[in-house]
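Remarks on the structure that follows.
Coordinate-derived values only; no laboratory data. These numbers were taken from a predicted model, which means no experiment stands behind them. Every residue, glycine among them, receives a Cβ derived from its backbone with ideal geometry; neighbour counts consider all protein chains shown.
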Amino acid sequence: MQRGTELALSDRSLVEPMLVKFSGVDEQTAKMAVLLTFQSKLDATRIQRVPDLMKEFGALTTAIDVSKMMIPTAPVS
């Protein structure tokens, strides 16, 4: 995922044809599109906000520690 994000951000020519093919926009629109960026690394602190808010607003009755659910990933080479 990290490699794909890096490629998309470094070379628009890889992304624009896919916008035309899969989203159905024309080439001119694809050239003007703002590409979104996605976090490609897992961050337990950021992810933890969701279950914390769910508990705060009553969607969960017990706390969840997301760090216990995460599997370490190998570095990208």
**Asked** Got a sec? Charge dipole of the chain, +1 on Cβ for Lys and Arg, -1 for Asp and Glu; which of Pro17, Gln48, Met32 is way out at the positive end?
**Response** Gln48
**Request:** Identify which of the listed values of Rg and Dmax of the Cα atoms in Å was calculated from the structure shown: [x] 13.4, 44; [y] 14.2, 49; [z] 18.1, 50.
**Result:** [z]
**Complete:** Taking a crude spin-label model, label points 7 Å out from Cα along the C-beta direction, the Val25 to Phe57 distance in nm is 2.9
**Virtual spin-label span in nm between Gln2 and Val50, 7 Å along Cα→Cβ** = 2.1
**Item:** Partners for Lys41 among aspartates and glutamates (Cα-Cα distance below 14 Å; same-chain residues under 8 apart left out)
**Value:** Glu6
**Item:** aspartates and glutamates with Cα under 15 Å of Lys55, excluding same-chain neighbours fewer than 8 positions away
**Value:** Asp65
